[in-house]
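The values are calculated or read from the model by the stated rules, or taken from the named source; none is laboratory data. This structure is a prediction, so every number in the text was calculated from the model and none was measured. Cβ coordinates were reconstructed from backbone atoms using ideal geometry, including for glycine residues, and neighbour counts include every protein chain displayed.
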Amino acid sequence: MAKAVSQDAISTILANPSPESSSDLPEIIVQVLDLKLTGNRYTFNASDGKMKLRAIFPSNMSSEIIAGSVQSKGLVKILDYTLNDIPNKSEKYLIVTKCEVVSSALETEIKAEIKTEEPDIVLKKPKLEHGIKNEAKTDLAGIILKPKQEVVSKSAAQIVHEQRENMPPVARMSMTRRVHPLVSLNPYQGNWTIKVRLTSKGNMRTYKNARGEGCVFNVELTDEDGTQIQATMFNEAARKFYEKFQLGKVYYISKGTLKVANKQFKTVKNDYELTLNENSVVEEASDEETFVPEAKFNFVPIDQLGPYVNGREVVDIIGVVQSVTAVSNIKRKIDNENIPKRDMIVADETKKTVVVSLWNELANDVGQKLFDLADTSPVVAIKSLKVSDFQGVSLSTLGKSTVIINPDIPEAKKLRSWYDLEGKVSSMANIGMGLSPSSRTGAISMYTDRVSLSHITSNPSLGDDKPAFFSIKAFVSLIKPEQAMWYRACKTCNKKVTDAVGSGYWCEGCQKNDEECNLRYIMVSKISDARGEAWVSAFNEVAENIIGCSAEELDELKSEQGDIDGYRQKLKEATWVPHLFRVSVSQNEYNNEKRQRITVRAVAPINFAEESKFLLEDIKKMRNSH
């Protein structure tokens, strides 16, 4: 293993701050000094024994540094780099984009020997006879001298220039500008060009603020190393590039600006984000798609969605489509605009299902394709979904969401095999129902935002702007037996059906007849705690957990067997049983009067060990406050 640095390595780097190609670089081995973590990147001093240069390792070297492969006083071979100026200083900063370990830590820092005395050497010009142009040698202290040769040939620059003349603009760009890896970009960098694949494209959005109105859209870009970055375009740039950017294509991009990414809105793992303006250059890189990887997914199993509920982090999922509804229009309160929406139920190997809502263009385009393919149970991969606690847990697409039907990836093939062999005959359960009260299980905590019923009923303005969510410990004190506790529902979309002409049932949502239908709960009950009581609504899965049987079973008990007493007894058995409820509070308008509506989103039995811990913690907080 080599134990020496390359002679004049730092001078070589300074003389060639932006090499055209890493393959043309001489061997550059430097010693790593003063290695330390700065932010989330490792910095060091690169030394060749004579000179030092401040440098930064690429992020993919962090694991090797942590593992101890790269150490201070060790040697590394630099395979590719970029040299940047430090703002307001005359110094340079070396950004290493590719390197490999040569040696672990040496005992000491390498320092070049400085010679103080040199022998006098007299060189005599060798004599050339008859214009001979071959090598002439003279044995002076082992020095080989070569006479100047007269070579008539084209320079490399001339050859490259001639080769470029007939090339298309994109090919000329790739030759004249060095392509920078995304990991090397930073806000202090000058000119750069990146080659990236468009792996996600958001919808064009409009906004209004104190400075006026405008439009904006975002894209996610991935380079051949798999590094991702988010790019944003406003107004003129947005209108210029929206149609130009096509999902899956590869582009050369230059003349953009970088800034530190806003953690609240970033969707990729990168410290920086890119902004393109109307002067930015975007050129499609034809016939180069194979060099850049496809979109990356970080799939979250459906049964592990709980910790992401109402969080800022978006998720990717893959699952088998079990049903798709027809498109509907939802009126947006802020401007009364009708927004297309379509719901589908997706399942995976955890034998859990979740409702995914497709919005806007996805509801009409990809949603229609899924609606047409629903009978074949296609596999769908979805990137960038928001997780909410509607119906316990549900997913919604965003402007930047990407939906791929039957993707050609290993995860899809594995899921298809499982579903065909086992999944299609397995019993599935909705992830949002029967959630554990412990946050450590990865589900919604029933101890989050715990309040009493009086806190809700004494604040009539709760849920005025948007639904408010709380957790409650209470008893079901009354279920009226004479109420209409269920409705006839479509077996595909769960919407209400009506009697069809002739026979069967008509679903307005699916626009089709079906010979059979399901019964689904729509139950109103009174719940009570130590401080008050309130009427709440509960839908199918929640009501099943409260009553202990399905709507079909309860209907059979009431009508087919004619056992009214048994029906009433079943409802009575469900009362005065303690539960933990997760509820939403919203405002409904009835006869021009606003009324508070409380809906049970999830219910769970009391875990007395967890409840005791919660109460002890509550007592501790009360003591500390006095």
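Residue under question is Ile404, and the condition is that it be crowded, with 18+ Cβ neighbours inside 10 Å and assigned by TED's automatic domain parsing to the domain that holds Arg312; does it hold? Taking the combined requirement at face value, the residue satisfies it. If I ask for residues that are farther than 18 Å from Thr257 by Cα and touching a Leu at 6+ places or on another chain (Cβ under 9 Å), which ones from the range 204-225 would you list? Asp225, the sole residue that qualifies. Just so you know, in the range 598-626 the residues that are buried (at least 17 other Cβ atoms within 10 Å of the Cβ) and among the small types (Gly, Ala, Ser) include one that is farthest from the chain's Cα centre (by Cα), and it is Ala604. Scan the range 383-395 residue by residue and report those that are among the polar types (S, T, N, Q) and over 14 Å from the mean Cα position of the chain (by Cα). Those that are among the polar types (S, T, N, Q) and over 14 Å from the mean Cα position of the chain (by Cα): Ser388, Gln391, Ser394.
Every residue in the range 594-623 that is of a type in the set (Gly, Ala, Ser) and touching a strand residue (DSSP E or B) at 6+ places or on another chain (Cβ under 8 Å), please. Within the range 594-623, Ala602, Ala604 qualify. Scanning the range 390-401 for residues that are out of contact with any Phe, Trp or Tyr (no Cβ under 6 Å at 6 or more places or on another chain) and either at positive phi or crowded, with 20+ Cβ neighbours inside 10 Å (or both) yields Gln391, Gly392, Val393, Ser394, Leu395, Ser401. Of the residues making up the range 309-364, those that are part of a strand (DSSP E or B), surrounded by fewer than 17 Cβ atoms within 10 Å (Cβ to Cβ) and either among the aliphatic types (A, V, I, L, M) or touching a Pro at 6+ places or on another chain (Cβ under 7 Å) (or both) number 3. For Glu556, indicate whether it is over 39 Å from the mean Cα position of the chain (by Cα) and either at pLDDT 90 or above or closer than 28 Å to Pro467 by Cβ (or both). For Glu556, the condition - over 39 Å from the mean Cα position of the chain (by Cα) and either at pLDDT 90 or above or closer than 28 Å to Pro467 by Cβ (or both) - is not met. Identification of helices (runs of 4 or more DSSP H) wholly contained in the range 498-584 with 2 or more residues that are of a type in the set (A, V, I, L, M) and under 30 Å from Phe371 (Cα atoms) yields 540-547. On inspection, Asp372 passes the criterion of being surrounded by fewer than 18 Cβ atoms within 10 Å (Cβ to Cβ) and at pLDDT 90 or above. One residue alone among Ile194, Ile229 is over 15 Å from Lys400 (Cβ atoms) and modelled with pLDDT of 85 or more, and that residue is Ile194.
Being modelled with pLDDT of 90 or more, of a type in the set (Val, Ile, Thr), under 14 Å from Asp348 (Cα atoms) and surrounded by 17 or more Cβ atoms within 10 Å (Cβ to Cβ) holds for only one residue in Ile431, Ile382, and it is Ile382.
Exactly one residue among Val354, Val327, Val315 is farther than 22 Å from Ala489 by Cβ, at pLDDT 85 or above and in contact with a helix residue (DSSP H, G or I) (Cβ under 6 Å, 6 or more places away or on another chain), and that residue is Val315. Would a scan of the range 17-34 turn up a residue that is among the small types (Gly, Ala, Ser), over 21 Å from Ile194 (Cβ atoms), outside the structural domain of Gln189 (by TED's automatic domain parsing) and exposed (fewer than 13 other Cβ atoms within 10 Å of the Cβ)? Scanning the range 17-34 turns up no residue that is among the small types (Gly, Ala, Ser), over 21 Å from Ile194 (Cβ atoms), outside the structural domain of Gln189 (by TED's automatic domain parsing) and exposed (fewer than 13 other Cβ atoms within 10 Å of the Cβ). Gly49 satisfies every condition listed in (1) assigned to a loop (DSSP other than H, G, I, E, B); (2) without any contact (Cβ under 8 Å) to a residue 40 or more places away in the chain except (2).
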